[in-house]
Amino acid sequence: MKKRILTITLCMLAALAGSAATTLPVKGTVVSPANENIQYVGRVCFDNPQRPRFTFPGTQINARFTGTSLRLWCKPKSGYFMAQIDGAAPFKVAFTGDRDSIVALATALPQGDHELRLMYVIEGYELKPDFRGLVLDSGARLLPPPPLADRTIEFVGNSITCGYGNEAMLPSDHFEYATENHYLSYAQLTCRALGARAHVVARSGIGVYRSYGGPKTGTPDNVMTTEYEYTNLYDRSERWDFSRYQPQVVCINLGTNDLSTNNYDAKLLRVAYKTFLRQVRSHNPHAKIVMLCGSMLNGKELDIARSAMDAVVDEARKGGDTAVYRFNFTPIDGSLGYGADYHPSVWQHQLMAAELTAYLRGLMQWWE
């Protein structure tokens with residue numbers, strides 16, 4: 001009996017992997033991740049088209065569909081998403097248990113055409129999420145996806161860009177995936193204000209030459225200069241193909257972890273900034289590059305970071321790269337509260353987004 005059950009299960013999985021739409025042991029029609037009408041935004045690995053993998057926050061899965069309901073199928077313990085149906089208020093979706101692989105996103109919708117916008121809102125390098133499909137009503141189907149925004153940004157950063165702890169209530173709270181929400185980060189707030197889309201390459205604790213708590217000499221195998229080259233975090237099975245996405249502007253927000261724990265070398269930081277700027281430029285020859293500073297640094301470390309970035313940008317401009325810029329966020333002072341471990345709160349992220357939106361609007365001439 002056990003052998004027969006195993007055989008039936010394997011046949012079901014094989015049928016699913018080989019078709020664009022099939023039926024799970026639940027009511028409805030399953031649409032494969034490989035369906036041409038599913039739209040992806042972000043660094044996604046398609047080495048198995050039936051199990052696309054991603055780890056960076058801000059990865060999006062968008063679709064238009066018919067019918068009255070929609071369910072999302074992902075690997076159990078994939079983490080947290082924000083979902084939006086037909087432009088209504090977005091809501092958080094959790095894959096946190098050992099068996100929660102199918103989650104309802106919408107029920108009892110009016111008959112007609114509908115739109116899903118889905119965003120992965122945490123850094124998934126421990127969870128290793130994958131997307132396994134959408135479950136529609138029986139007989140329902142996907143429609144051509146919504147148009148992509150013409151304005152394109154890439155955000156490169158650390159925990160601030162990830163949205164680390166921005167939904168926490170107290171600075172004494174520590175990291176939890178449940179309180180990290182990249183959808184409410186300055187990066188995504190800026191994108192929505194500008195009508196842009198973005199790829200995000202960010203993880204907590206990462207630096208330019210030295211990640212958080214690392215030795216003064218640096219952590220060369222565990223910094224952004226290394227991770228920037230790959231599709232997924234801590235997964236070097238696939239190098240990212242930069243031709244898949246050429247942003248109009250790249251925003252780099254790094255340096256906070258390099259200057260952490262009073263164990264840093266300012267000269268090594270400056271050299272690493274210079275190296276990374278050249279690396280980003282080599283992959284994005286036509287983009288404007290903005291080096292951001294803040295908002296968690298203050299005092300001596302803030303001065304060191306700003307001075308290093310100013311020097312690197314000035315040197316690049318003198319060397320002929322005139323499409324490199326600098327921008328400073330207002331440092332945190334507690335007046336807008338704190339997130340976990342003294343990270344920016346949702347209100348601080350809103351201030352950061354307002355500042356960066358105004359700057360990029362002028363820089364890129366994105367007035368409408």
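The values are calculated or read from the model by the stated rules, or taken from the named source; none is laboratory data. Bear in mind that the values here come from a model prediction, so they are computed numbers and not experimental data. Ideal geometry is used to build each Cβ from the backbone, glycine not excepted, and the neighbour counts take in all protein chains shown. When the accessible area is computed, the model is the full protein with side chains, heavy atoms only, and any ligands, DNA or RNA have been set aside. Shrake-Rupley method; radii C 1.70, N 1.55, O 1.52, S 1.80 Å.
Data overview
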read-out: Ranked by how many other beta carbons lie within 10 Å on average, peptides 276-283, 291-298, 240-247 from highest; value: 291-298, 276-283, 240-247
read-out: Once the Cα gyration tensor of the range 236-281 is diagonalised, semi-axes √(5λ) in Å; value: 26, 13, 11
read-out: Dimensionless Rg ratio for the range 195-323, taking C-alpha atoms and the 2.2 N^0.38 Å reference; value: 1.04
read-out: With 5 Å bins from 0: P(r) over the range 116-165, alpha-carbon pairs, percent; value: 4, 10, 16, 19, 18, 16, 10, 5, 1
read-out: Cut-off 15 Å between beta-carbons: net charge of the residues surrounding Thr219, Lys and Arg +1, Asp and Glu -1; value: -1
read-out: Estimated FRET transfer efficiency when R0 is 35 angstrom, pair His174-Ser101 (beta carbons, to 0.05); value: 0.80
read-out: Förster-model FRET efficiency, 51 Å R0, Arg317 and Val26, C-beta, rounded to 0.05; value: 0.30
read-out: In Å, descending, principal axis extents of the Cα set of the chain; value: 67, 49, 41
read-out: Contact order normalised by residue count of the range 159-301, Cα under 8 Å, 6+ apart, percent; value: 21 percent
read-out: Inter-label distance, nm, simple model (7 Å from Cα along the C-beta direction), Asp150/Lys75; value: 3.8 nm
read-out: Inter-centroid distance (Cα atoms) of the range 186-202 relative to the range 58-83, Å; value: 19 Å
read-out: Equivalent-ellipsoid semi-axes of the range 38-106, from the Cα gyration tensor, Å, largest first; value: 19, 16, 13
read-out: At R0 = 41 Å, FRET efficiency that the Cβ-Cβ distance of His286 and Ala354 yields, to 0.05; value: 0.90
read-out: Hydrodynamic radius (Kirkwood) for the range 169-216, which is based on Cα pairs only, to one decimal in Å; value: 13.4 Å
read-out: Bins of 5 Å, starting at 0 and running to the largest distance - Cα pair percent for the range 243-318; value: 3, 15, 27, 23, 16, 10, 5, 1, 0
read-out: Between the range 278-344 and the range 100-122, the Cα center-to-center distance that results, in Å; value: 37 Å
read-out: Viscosity 1.306 mPa s, 10 °C: Kirkwood-radius Stokes-Einstein D of the range 286-368 over Cα pairs, µm²/s; value: 112 µm²/s
read-out: Mean Kyte hydropathy of 0.5 or more with a Cα span along the axis of at least 15 Å, helices from DSSP in the chain; value: 2-17
read-out: Debye intensity ratio in log₁₀ form over the Cα atoms of the range 210-260, taken at each q of 0.13, 0.17, 0.25 Å⁻¹; value: -0.40, -0.64, -1.02
read-out: Charge dipole (the chain, unit charges on Cβ, about Cα centre) - positive-most of Tyr40, Thr96, Pro344; value: Tyr40
read-out: Per residue solvent-accessible surface (Å²) - the range 112-169, probe of 1.4 Å; value: 33 Å²
read-out: Peptide ranges 302-311, 229-238 listed from the most packed, as the mean C-beta count within 10 angstrom indicates; value: 302-311, 229-238
read-out: Protein accessible area in the chain, 1.4 Å probe - carbon and sulfur %; value: 55 percent
read-out: Directionally averaged projected area (convex hull, Cα atoms, the range 50-207), nm²; value: 10.2 nm²
